[in-house]
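These notes concern the structure reproduced below.
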Amino acid sequence: MNDHVIEVVTFKLIEGADVDEFMATIPATNTFIKSCKGFVRRCLSRNEDGTWLEHVEWESMEAAIAAGKAFIEDECCAAMMPFFDQGSIKSSHNHIMTRLD
């Protein structure tokens, strides 16, 4: 295949969080993520139990790691942070083995 990596982050919002307010933070984070070197695509989804899944494709592991560090430090992304149930956050980086577009 290639060196592309999928970053998968699962999380829940804090109890009582307003989903519309959380979603209002997404455009700024999209702008930030799109500006990161090596960005390919991003999807954000939510299942019935309230677990969210962020799925971001990067051109390399190095790009994924660098973007993750920059994301935490970026001011525009800070608006998203108070919505997260910190104990629910899990993340992984996975090498793409095959893809069907």
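What the table below lists for this structure:
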item: Unit charges on C-beta of K, R, D, E only; dipole of the range 43-94, Debye; result: 120 debye
item: Order of Ser45, Ser88 under a 10 Å beta carbon neighbour criterion, fewest first; result: Ser45, Ser88
item: Residue range of the chain that is longest and free of GluC sites (Glu not before Pro) which are both DSSP loop and sparsely packed (at most 16 other C-beta within 10 Å); result: 60-101
item: Gain upon complete extension [Glu21, Glu62; 0.36 nm per residue less C-alpha separation]; result: 11.6 nm
item: Lysine pair count for the chain [Cα-Cα under 17 Å; pairs on different chains or 8 or more apart]; result: 4
item: Candidate values (i) 43, 30, 24; (ii) 44, 26, 22; (iii) 39, 28, 20, label of the one derived for Cα extents along the principal axes in Å; result: (i)
item: Counted charge near His4, where neighbours are those whose Cβ lies closer than 13 Å (Asp, Glu -1; Lys, Arg +1); result: -4
item: On Cα atoms only, tilt of 26-35 relative to the major axis of the chain in degrees; result: 20 degrees
item: Amide H within-cut-off set for Phe84, under 5 Å, with H built and near neighbours excluded; result: Ile14
item: Angle in degrees between helix 61-73 and the longest Cα principal axis of the chain, rounded to the nearest 10; result: 20 degrees
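No value in this document is a laboratory result; all are computed from the given coordinates. Predicted, not measured: the structure shown is a model, and the values here were computed from it. Because the Cβ atoms are built from the backbone with ideal geometry, glycine has one as well, and the counts that use them run over all protein chains shown.
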